[in-house]
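Have a look at the structure below, then the notes.
The values are calculated or read from the model by the stated rules, or taken from the named source; none is laboratory data. No experiment lies behind these values; they were computed from the predicted model shown. In this analysis, Cβ positions are derived from the backbone assuming ideal geometry, glycine residues included, and neighbour counts consider all displayed protein chains. For the accessible areas, the whole protein counts, side chains as well, though only heavy atoms, and no ligand, DNA or RNA atoms are used. Shrake-Rupley method; radii C 1.70, N 1.55, O 1.52, S 1.80 Å.
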Amino acid sequence: MNRQEHIVSGLKVTLVARAIYMLSSALLMFLLARYLLDPDGYGTLYWVIGILAMVQLVADLGIGKSAARYISEYNEKDPGQIPHLIKSTVTFKIVIITLVVYLLLLFHERIAVALGEPAAAPFLAAGVIYITVFSFSGFAQITFQGFNRLGYSAMVQAISGFSRLVFAVGFILLGLGALGAFFGYIVGYALSAAIGLTLLYYKFYARYDPADTYEDGLSRRLLEYSVPLTATRSANVVDKQIDTVLVGVFLTPTAVAFYTLGKQITDFVLAPAESLGFTISPNFGEQKASGQLDQARRIYETSLTHTMLLYIPAAVGLAIVADPFIRMVFGADYAGAIPVLQVLAAFIVLQAITNLTSDSLDYLGRARHRAVAKGGTAAANFGLNILLIPSMGVVGAALATVATHSVYVAVNLYIVHLELSLRLRRLARTIGLICGITGIMAIAVLLVTPMVSSLAMLLGAIALGTLTWAVLAVASGLVDPRAVRSAIT
């Protein structure tokens, strides 16, 4: 199997599993928002998850991704070091997680009071388990990525998504409310972590013959490379979660519900781009190690073109139909999420590029540069949120996200260009053509959206936009139906 076939095969399995994960997440989001929780309970649940995501930073650091990077490298040149890498990584993680969860259990009540929400204390206490199982579920996924065995990684993710849905809904129906939904998340991640670690042990760790000695300095390099990855991941999580936390601090749990719903919809739309980025990124590390940067450039340019072909029209279409979509799917109680979703439509394009680029930079050895960029924009996002949320509400948080992420994407693309020497004029012409197609599609959708009065009509408007996009994309030569059919089959 050549490189392209391997990528397509990995993308297929990742997309299927990611589809299971995202569809189950979307169904959970719909059931919680529409039927099972009121906006206050919905907002409280995801506000606490946002807080725990920042605590998770200390529990995870960047050790898992650093290990994946070295697994990818040593799988090519010295497989005997891999058992040593896995063993030392797991040891580091256990020590750090133990310390973090002990401190959280000790101070969870004080943290809840300090944040102005004493009722969140039970969530934070249960967060001790959440942080542990989430950490090892993520570790299994990223380690399989390092081995370039994306099917296993995708399976772990799919199990977590489906299990969360089943157990969260089940616990709420038992009368446990938002806390029950939170325990559903815990059980979902626990199951995926258990299965993922079992597969990792029997399919990989136990099958490698360990080298007689651990390469001198490799453990140190593992920790050293985790430092910029930790900085990047910390900035990334802060960038994604601090706005939600600050909305809860400055406004109300209901406002958190509006903002969270808008962000969750964008996450659902972004699933294919995340799958593609997750699939192609290990190849960059392998190609750099073997000096095949021309092939890496072709892969990245093709992936970026296809991503923009999908996401520029999708973002514009979502902004146009946001009003009827929110009201008809989630109910008028969530109308406050409409302007959030419209602003975050621009973020969809930016995040699609980030999903494609960020992991690739890590495998190219550019983690430190990305960390500096992410740290700067995360700090700017924090400042803008403090400035804009009190004056503009949830829309201010969305605007801060879009503004700062634009800078981060520009820096990422510049670093990729330094590594791969992208053909900028060719890319600019292609993206200009995509924008032209999007403009025509937008006119078609705008003409019919005012007439939308039912869910069936909304689906019809979306279908019209999709058909217009497909016809123009094929006519312009941006999409080859034969290539699409070959990739699918």
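Here are a few things to note about the model shown:
- Shape of the stretch 309-467, Cα gyration tensor, a/c cut at 1.5: oblate
- Viscosity 0.692 mPa s, 37 °C: Kirkwood-radius Stokes-Einstein D of the stretch 391-489 over Cα pairs, µm²/s: 193
- Fully extending the segment from residue 23 to residue 173, taken as 0.36 nm per residue of separation minus the present Cα-Cα distance, adds 52.0 nm.
- Alpha-carbon gyration tensor eigenvalues x 5, square-rooted, for the stretch 74-172, Å: 33, 20, 8
- Dividing the Cα radius of gyration of the stretch 377-446 by its Kirkwood radius returns 1.14 for Rg/Rh.
- Kirkwood hydrodynamic radius of the stretch 201-255, Cα pairs, Å: 15.2
- Residue 443 accessible area, 1.4 Å probe, all protein chains in place, Å² to nearest 10: 100
- Dipole-positive endmost among 151, 210, 434 within the chain (Cβ charges, Cα centre): 434
- FRET efficiency for the pair residue 294 and residue 16, taken as 1/(1 + (r/R0)^6) with r the Cβ-Cβ distance and R0 = 35 Å, rounds to 0.70.
- A Förster radius of 41 Å combined with the Cβ-Cβ distance from residue 106 to residue 455 puts the calculated FRET efficiency at roughly 0.25.
- Simple spin-label estimate for residue 221 and residue 431 gives 3.4 nm between the two label positions (7 Å along the Cα-to-Cβ direction from each Cα).
- Farthest toward positive dipole pole in the chain [+1 Lys/Arg, -1 Asp/Glu at C-beta], among 180, 103, 269: 269
- Carbon + sulfur, % of accessible area of the stretch 144-214 - ligands and nucleic acids excluded, 1.4 Å: 65
- Rough spin-label spacing in nm, given labels placed 7 Å along Cα→Cβ, for residue 30 and residue 327: 2.0
- Cα-based Lys proximity count in the chain, under 21 Å, for pairs eight or more positions apart or on separate chains: 15
- Cα Rg, Dmax (largest Cα-Cα span) when computed across the stretch 146-235, Å: 18.3, 56
- Mean Cβ neighbour count within 10 Å, used as a protection proxy, ranking 65-75, 376-386 highest first: 65-75, 376-386
- In the chain, the calculated helix contribution to ellipticity at 222 nm averages -30000 deg cm²/dmol per residue, counting -39,500 (n - 2.57) for every DSSP H run with n ≥ 4.
- Per-pair calculated FRET efficiency, R0 = 22 Å: residue 95 and residue 54 via Cβ, rounded to 0.05: 0.65
- Interatomic Cα distance distribution for the chain, bins of 10 angstrom, percent: 4, 18, 31, 28, 15, 4, 0, 0
- Debye, to nearest 20: dipole size of the chain, +1 on Lys, Arg Cβ, -1 on Asp, Glu Cβ: 820
- Solvent exposure of the stretch 14-71 amounts to 31 Å² per residue of accessible area, where only protein heavy atoms count and the probe is 1.4 Å.
- Full-stretch length increase - residue 252, residue 125 - with 0.36 nm per residue and alpha-carbon distance subtracted: 43.5 nm
- A simple charge model with +1 on the Cβ of Lys and Arg, -1 on the Cβ of Asp and Glu and nothing else charged puts the dipole of the stretch 341-466 at about 400 debye relative to its Cα centre.
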